[in-house]
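Contents: one structure, followed by commentary.
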Amino acid sequence: MSTRHRPGRILGLDLLRAVAAWLVLLSHVAFWTGAGAQGTLGGLAVRGELGVAVFFALSAFLLSAPFVRRGLGGAAHWSARRYLTRRAARILPAYLLALAAVVAVAAFLGGAAASGLDVPTVLVHLVIGQGWTGRTFQSFTQSWSLTTEVTFYVLLPLIAAAAAPLTRAPSPVQRARRMLLLCALVAVGGLALQTVSALVADPHWAGVLATSAAGHAAWFAIGTAVTVLVEADRAGIEVSSRPTLAVVRTSPGTLVLLALVLWVVASTPVAGPRGIDPSTASEALAAELLYGAVAACLLLAATSRGLTDALTSSPVARGLRWLGDISYAIFLWHVLVLQVVFAALDLRLFAAPFAPTLLLVTIVSMGLGHLSWVLLESPVLARAHRGTDAPAPQPAPRG
């Protein structure tokens, strides 16, 4: 399928969702087992947290498309009611089910697993406010990113409205370039705030700033910038006369290789400590830059010309759709699965076998993800999309 035609579903993005979800799972298994503190492979594993950057960039790519399309002079149907309904349908049902399981398991296991098990913490999670308050459960620590995600959902239409006058220009090429410039400015602002967060003395507020939508604005800006490039390409708008951009847009293998190299660099001390120790300002900036660069490379690769054609005609197409479908539930359930595995097998924190634990958590999380998709997410999404005229946006799982 040529990128000059609007695809109903980009299989490269399904693959990217699956990779991002598994990277986040990998990072938590590496941390819990203690493997993240050991050697080069441990460093790579624990830096799987960069999957969150991929998720944020992917969300921005998908959800900013109508605004970018309209800004470039094309037609784009968008309504606040449809947008909010579909976002709620995508995020809330699976999230609330996983939250109920987290609370139930915490009450059953007791001890460290039940830390934070109180009414205020549950209420905070019901409104997805854990990223702001710092209140969380041992088996739901990854859900801070949903606070950031939901904040982005709310802010995106407002930012798009505010940015529209700034990107107006006589020609589509100028409009596209202004959009890219604006994305760059937003990214710089996010990088600056991420750096400042490491200098804040209060650990709570430092964490809030670092994990906020503003603190990760660079990752969202990257996704929007890729949207500008893809939508401009589909509309036949030549953003740059230099051949570099065209070469990059047709070289998914090179982009993936570059992402792997950047991942290796991020696994070194330049991106900060591997554990829970705070990062310095320079380390926080390096991590944000490196994670964002990996997300940019992978998102460009996933949307590159010809890749979806190749994937669609391959024997793995159906499997990729399935992995894309279950990736959000894998993200939601994997830390709870990890907690139950540790309790059931009496494993010691930071001293457990890495490879067997990784395999077991991956398999069980995929099984739960399948059940969540088939029994809950898919029916709810179908109902949310039923009766609408505009094409449904692809589900974007969070990290």
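The values are calculated or read from the model by the stated rules, or taken from the named source; none is laboratory data. What you see is a predicted model, and the numbers here were worked out from it, not measured in a lab. Cβ atoms come from the backbone with ideal geometry, glycine included; neighbour counts cover every protein chain shown. The protein model used for the area step is the full one, side chains on, heavy atoms only, and it has no ligands, DNA or RNA in it. Shrake-Rupley method; radii C 1.70, N 1.55, O 1.52, S 1.80 Å.
What number of residues within region 28-76 satisfy the criterion of being open to solvent by 10 Å² or more (accessible area, probe 1.4 Å), of a type in the set (G, A, S) and touching a Gly at 6+ places or on another chain (Cβ under 6 Å)?
1
Among the residues of region 82-105, is there at least one that is touching a helix residue (DSSP H, G or I) at 6+ places or on another chain (Cβ under 8 Å), hydroxyl-bearing (S, T, Y) and not in a helix (DSSP H, G or I)?
Within region 82-105 (the criterion being touching a helix residue (DSSP H, G or I) at 6+ places or on another chain (Cβ under 8 Å), hydroxyl-bearing (S, T, Y) and not in a helix (DSSP H, G or I)), the answer is no, since none of the residues qualifies.
Scan region 230-253 for residues that are among the hydrophobic types (A, V, I, L, M, F, W, C) and open to solvent by less than 30 Å² (accessible area, probe 1.4 Å) and jot them down.
V230, A232, I237, V239, listed by residue number.
Please find, within region 158-215, the residue that is least open to solvent (accessible area, probe 1.4 Å) out of those that are more than 21 Å from W144 (Cα to Cα) and among the hydroxyl-bearing types (S, T, Y).
T167
Of the conditions (1) of a type in the set (S, T, N, Q); (2) at pLDDT 95 or above; (3) in a loop (DSSP other than H, G, I, E, B), S143 fails just one. Which one is it?
(3)
In region 79-110, how many residues are surrounded by 15 or more Cβ atoms within 10 Å (Cβ to Cβ) and closer than 30 Å to S171 by Cβ?
Going through region 79-110 one residue at a time, the tally reaches 1.
Looking at (1) assigned to a helix (DSSP H, G or I); (2) without any contact (Cβ under 8 Å) to a residue 40 or more places away in the chain, which one does W263 not meet, given that it meets all the others?
(2)
Just give me the residues in region 216-229 being under 30 Å from L41 (Cα atoms) and either open to solvent by 20 Å² or more (accessible area, probe 1.4 Å) or assigned to a loop (DSSP other than H, G, I, E, B) (or both), in sequence order.
Correct list: H216, I222.
List pairs: first residue in region 354-377 and under 16 Å from G319 (Cα atoms) and open to solvent by 20 Å² or more (accessible area, probe 1.4 Å), second residue modelled with pLDDT of 95 or more and of a type in the set (D, E, K, R) anywhere in the structure, Cβ distance under 9 angstrom, at least six positions apart or on different chains.
So the pair list comes out as H370/D325; W373/D325; V374/D325.
Can you tell me which residue is surrounded by the most Cβ atoms within 10 Å (Cβ to Cβ) among those in region 115-137 that are at pLDDT 90 or above and farther than 18 Å from T211 by Cα?
By that ranking, first place goes to T121.
Might you check whether a residue that is outside any helix (DSSP H, G or I) and of a type outside the set (S, T, N, Q) occurs anywhere in region 35-53?
no
From the list G292, G272, which residue is touching an Asp or Glu at 6+ places or on another chain (Cβ under 6 Å) and surrounded by 15 or more Cβ atoms within 10 Å (Cβ to Cβ)?
After ruling out the rest, the residue left standing is G272.
Would you mind finding the one in L311, L258 that is buried (at least 17 other Cβ atoms within 10 Å of the Cβ), at pLDDT 95 or above and part of a helix (DSSP H, G or I)?
When all the criteria are applied, what remains is L258.
Which of the residues spanning region 319-335 are open to solvent by 10 Å² or more (accessible area, probe 1.4 Å), among the aliphatic types (A, V, I, L, M) and more than 18 Å from G12 (Cα to Cα)? Step through it out loud before you land on a result.
First pass over region 319-335, keeping only residues open to solvent by 10 Å² or more (accessible area, probe 1.4 Å): 319-323, 325, 330, 333.
Retained after the next criterion (residues that are among the aliphatic types (A, V, I, L, M)): 320, 323, 330.
The one that is open to solvent by 10 Å² or more (accessible area, probe 1.4 Å), among the aliphatic types (A, V, I, L, M) and more than 18 Å from G12 (Cα to Cα): I330.
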